[in-house]
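**Q** The following block contains the structure, expressed as structure tokens.
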Amino acid sequence: MAMKPSFKPAWQFLQTAGASKTLEELQTRFAAALYALEFDRFSCALVRGPGGSSVQPHVLFGQAYQAWDDYYVSQGYLERDPCVRRLFLSPNCFAWSDTPVERMSPVGRDIHEDAAEHGLRNGFVVPIHGDDQELYGVRMMSSELKFDPDARNLLNVMATLYCVIGVERLKMVRPEVTRDSPLSRREAECLTWVSEGKSDWDISEILQISQWTVHEHIERAKSKIGVRSRTKAAVVAAGAGWLGSRPSA
């Protein structure tokens, strides 16, 4: 049987992903393959740290929907989302639509409805276990209610490859650990809270400064580090030892 046309970009991604020299190049390839399968937003998050250590789930890289992610965190969904719990409980990939709306928990239904209002009507989540007990989750989101059920296995393999190569490419952009941080105290504080999944509004409330000031601190930090993503800035700064101790609040 001939390969479905929508599967051809995915097959090309599987063949060429390893040739991606940068994280940005990998993401461009991944985005093209996902778009043919009706997915247009995606991200890779660290859910459990090395050695099985407990971490606050946070996005490492991807082309996510920042407005939705900020809203999601502001509503406290991260701590209550059934999808996050499912990542810990099952090694299997799953779609949001696997659970009918009428069978969802109240918070699951709220998240589903709010996501739909943001134009995200379905998602596919793949748990990936690292070699030192890390747990990653690749989330692919779609504005469509349904996607080709024959694509599930393909999405699983694609997401795993994207995660494994992406984590390796992310290490390449981390500077060597140094005591000489280019960040101001406030910039480091803001990035520390970004690494905890906090939005600009959350950080402004915690630090008792304006949301605009928080935004400016993060933008300056991104410029100093040389990255375009706030999440990547936090990851790079943490890897370089520039963020200090984990926040207590």
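The values are calculated or read from the model by the stated rules, or taken from the named source; none is laboratory data. In this text the structure is predicted, and so the values were computed from the model without any measurement. Cβ coordinates were reconstructed from backbone atoms using ideal geometry, including for glycine residues, and neighbour counts include every protein chain displayed. Calculation scope for accessible area: heavy atoms of the full protein, side chains included, ligands and nucleic acids excluded. Shrake-Rupley method; radii C 1.70, N 1.55, O 1.52, S 1.80 Å.
**Q** Going through region 40-56 one residue at a time, which ones are under 23 Å from SER229 (Cα atoms) and among the polar types (S, T, N, Q)?
**A** SER43, GLN56 - these are the residues of region 40-56 that are under 23 Å from SER229 (Cα atoms) and among the polar types (S, T, N, Q).
**Q** Pick from region 76-124 the residues that are open to solvent by 80 Å² or more (accessible area, probe 1.4 Å) and either small (Gly, Ala, Ser) or not in a helix (DSSP H, G or I) (or both): which of them is farthest from ARG48 (Cα to Cα)?
**A** Within region 76-124, the subset open to solvent by 80 Å² or more (accessible area, probe 1.4 Å) is 79-80, 85-86, 88-89, 91-92, 102-103, 106, 113, 117, 121.
So of that shortlist, the ones also either small (Gly, Ala, Ser) or not in a helix (DSSP H, G or I) (or both) come out as 79-80, 91-92, 121.
Working: GLU79: 14, ARG80: 16, PRO91: 14, ASN92: 16, ARG121: 27 Å.
Per the criteria, the residue is ARG121.
**Q** Quick one: how many residues across region 214-242 are open to solvent by less than 50 Å² (accessible area, probe 1.4 Å) and part of a helix (DSSP H, G or I)?
**A** Here the count works out to 15.
**Q** Confirm whether ALA32 is modelled with pLDDT of 90 or more, out of contact with any Lys or Arg (no Cβ under 8 Å at 6 or more places or on another chain), loosely packed, with under 15 Cβ neighbours inside 10 Å and part of a helix (DSSP H, G or I).
**A** yes
**Q** Of all the residues that make up region 38-54, how many are on the phi < 0 side of the Ramachandran plot and surrounded by fewer than 16 Cβ atoms within 10 Å (Cβ to Cβ)?
**A** Looking only at that region, the number is 4.
Rundown of residues vs (1) closer than 28 Å to ILE225 by Cα; (2) part of a helix (DSSP H, G or I), yes/no style:
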residue: GLN133; (1), (2): no, no
residue: VAL138; (1), (2): yes, no
residue: GLU144; (1), (2): no, no
residue: ASN156; (1), (2): no, yes
residue: ALA159; (1), (2): yes, yes
residue: GLU168; (1), (2): yes, yes
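**Q** Of the residues ALA151, ALA188, only one is part of a helix (DSSP H, G or I) and either of a type outside the set (A, V, I, L, M) or under 23 Å from TYR65 (Cα atoms) (or both); which?
**A** Criteria check complete, one pass: ALA151.
**Q** Right, TRP201: modelled with pLDDT of 90 or more and open to solvent by 50 Å² or more (accessible area, probe 1.4 Å) or not?
**A** Judged against the criteria, TRP201 is a match.
**Q** If I filter region 2-23 down to residues being among the small types (Gly, Ala, Ser) and part of a loop (DSSP other than H, G, I, E, B), which single residue comes out as farthest from SER229 (Cα to Cα)?
**A** Of everything passing the filter in region 2-23, ALA2 is farthest from SER229 (Cα to Cα).
**Q** For region 69-123: of the residues being closer than 20 Å to ALA159 by Cα and acidic (Asp, Glu), which is modelled with the lowest pLDDT?
**A** Among those that are closer than 20 Å to ALA159 by Cα and acidic (Asp, Glu), it is ASP69.
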